[in-house]
Amino acid sequence: MYAKKTMLINKSGLHARPGSLFTREAKKYSSDITVTKLDEGGAAVKSCSAKSIALVMAMMLKKDTHIEISAQGDDEQSAVDSLVALIDAGLNE
């Protein structure tokens, strides 16, 4: 398993268009990918599959939310690094 932490910097978080962009990118990889919402202390609050737009949007991940993206599978490092880079770039907003 490979994981990285990051923070959502775009104004709308992972809702609607940015969430769709995020899940489309996640679906490019064969690994199981999870996005986890973290509290202020860095503890996991809730998690879901990064490949499901409905589940990602239900997590209500807003601007300045700390998250962890983890993956397990053959392309786990590429998957996590790609998704973190997308988030760190502001999800093209």
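For the range 7-46, give me each residue that is open to solvent by 70 Å² or more (accessible area, probe 1.4 Å), under 21 Å from Gln72 (Cα atoms) and not β-branched (Val, Ile, Thr).
Step one: of the range 7-46, the residues open to solvent by 70 Å² or more (accessible area, probe 1.4 Å) are 9, 11, 17, 24, 27-28, 30, 32, 40-41, 44-46.
This time we only want the ones that are under 21 Å from Gln72 (Cα atoms), so: 24, 27-28, 30, 32, 44-46.
Across the range 7-46, the qualifying residues are Arg24, Lys27, Lys28, Ser30, Asp32, Ala44, Lys46.
Name the one entry in Leu38, Leu83, Leu55 that is aliphatic (A, V, I, L, M) and in contact with a helix residue (DSSP H, G or I) (Cβ under 8 Å, 6 or more places away or on another chain).
Leu83
Considering only the range 59-84, state which residues are surrounded by fewer than 20 Cβ atoms within 10 Å (Cβ to Cβ) and farther than 21 Å from Asp39 by Cα.
Gln72, Gly73, Asp74, Asp75, Glu76, Gln77, Ser78, Asp81, Ser82
Does Val56 qualify as being of a type in the set (Val, Ile, Thr), loosely packed, with under 15 Cβ neighbours inside 10 Å and touching a strand residue (DSSP E or B) at 6+ places or on another chain (Cβ under 8 Å)?
The answer is no for Val56.
Checking the conditions here, which among Ser47, Ser30, Ser12, Ser52 is in contact with a Gly (Cβ under 9 Å, 6 or more places away or on another chain) and at pLDDT 95 or above?
Ser30 is the lone residue from the list that is in contact with a Gly (Cβ under 9 Å, 6 or more places away or on another chain) and at pLDDT 95 or above.
So the check is Cβ under 6 Å with 6+ separation or different chains; which pairs have a first residue in the range 14-34 that's within 12 Å of Leu55 (Cβ to Cβ) and a second one that's open to solvent by 50 Å² or more (accessible area, probe 1.4 Å) and assigned to a helix (DSSP H, G or I)?
Between residues of the range 14-34 that are within 12 Å of Leu55 (Cβ to Cβ) and residues that are open to solvent by 50 Å² or more (accessible area, probe 1.4 Å) and assigned to a helix (DSSP H, G or I), the close pairs are Gly19/Ile53; Gly19/Met57; Thr23/Ile53.
The values are calculated or read from the model by the stated rules, or taken from the named source; none is laboratory data. In this text the structure is predicted, and so the values were computed from the model without any measurement. Note that we place each Cβ from the backbone using ideal geometry, even for glycine, and neighbour counts take in every protein chain shown. Heads up: the accessible areas ignore ligands, DNA and RNA and are worked out on the full protein's heavy atoms, side chains in. Shrake-Rupley method; radii C 1.70, N 1.55, O 1.52, S 1.80 Å.
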